[in-house]
């Protein structure tokens, strides 16, 4: 069996308000995070690959992947914008 590269790996799954879902995968030493359509947690293949994000380094924990995943979602208009602040006289 061929040796799997870039282990350990971490996956983060996200579902958008529009109903689309993505899996973000980042392998140690890979220096890229891959974005896949649907729930691909635990997968090592690139069959549903949508994007590759250059990270410039390794992750320390799952929070690093979550932060980059949210940045990707914002850049791709997948997160709703925050409502304007409410103040006196505003409804």
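Within the stretch 6-20, track down each residue that is surrounded by 14 or more Cβ atoms within 10 Å (Cβ to Cβ) and closer than 17 Å to residue 66 by Cβ.
Filtering the stretch 6-20 down to residues surrounded by 14 or more Cβ atoms within 10 Å (Cβ to Cβ) leaves 6, 9-14, 16.
Once the filter is applied, which keeps residues that are surrounded by 14 or more Cβ atoms within 10 Å (Cβ to Cβ) and closer than 17 Å to residue 66 by Cβ, the stretch 6-20 yields 9, 10, 11, 12, 13, 14, 16.
Among the residues of the stretch 56-73, write down those that are at pLDDT 90 or above and farther than 13 Å from residue 11 by Cβ. Spell out the reasoning first.
The initial filter retains those residues of the stretch 56-73 that are at pLDDT 90 or above, namely 63-73.
Once the filter is applied, which keeps residues that are at pLDDT 90 or above and farther than 13 Å from residue 11 by Cβ, the stretch 56-73 yields 63, 67, 70, 71, 72, 73.
If you check residue 60 against the conditions, is it exposed (fewer than 12 other Cβ atoms within 10 Å of the Cβ), farther than 12 Å from residue 26 by Cα, without any contact (Cβ under 8 Å) to a residue 40 or more places away in the chain and over 11 Å from the mean Cα position of the chain (by Cα)? Explain how you work it out, then say what you get.
Working: exposed (fewer than 12 other Cβ atoms within 10 Å of the Cβ): yes; farther than 12 Å from residue 26 by Cα: no; without any contact (Cβ under 8 Å) to a residue 40 or more places away in the chain: yes; over 11 Å from the mean Cα position of the chain (by Cα): yes.
Judged against the criteria, residue 60 is not a match.
How many residues are within 14 Å of residue 9 (Cβ to Cβ) and part of a loop (DSSP other than H, G, I, E, B) if we restrict to the stretch 26-55?
Of the residues in the stretch 26-55, 12 are within 14 Å of residue 9 (Cβ to Cβ) and part of a loop (DSSP other than H, G, I, E, B).
The values are calculated or read from the model by the stated rules, or taken from the named source; none is laboratory data. Fair warning: this is a prediction, and the values are worked out from it, not measured in the lab. Ideal geometry is used to build each Cβ from the backbone, glycine not excepted, and the neighbour counts take in all protein chains shown.
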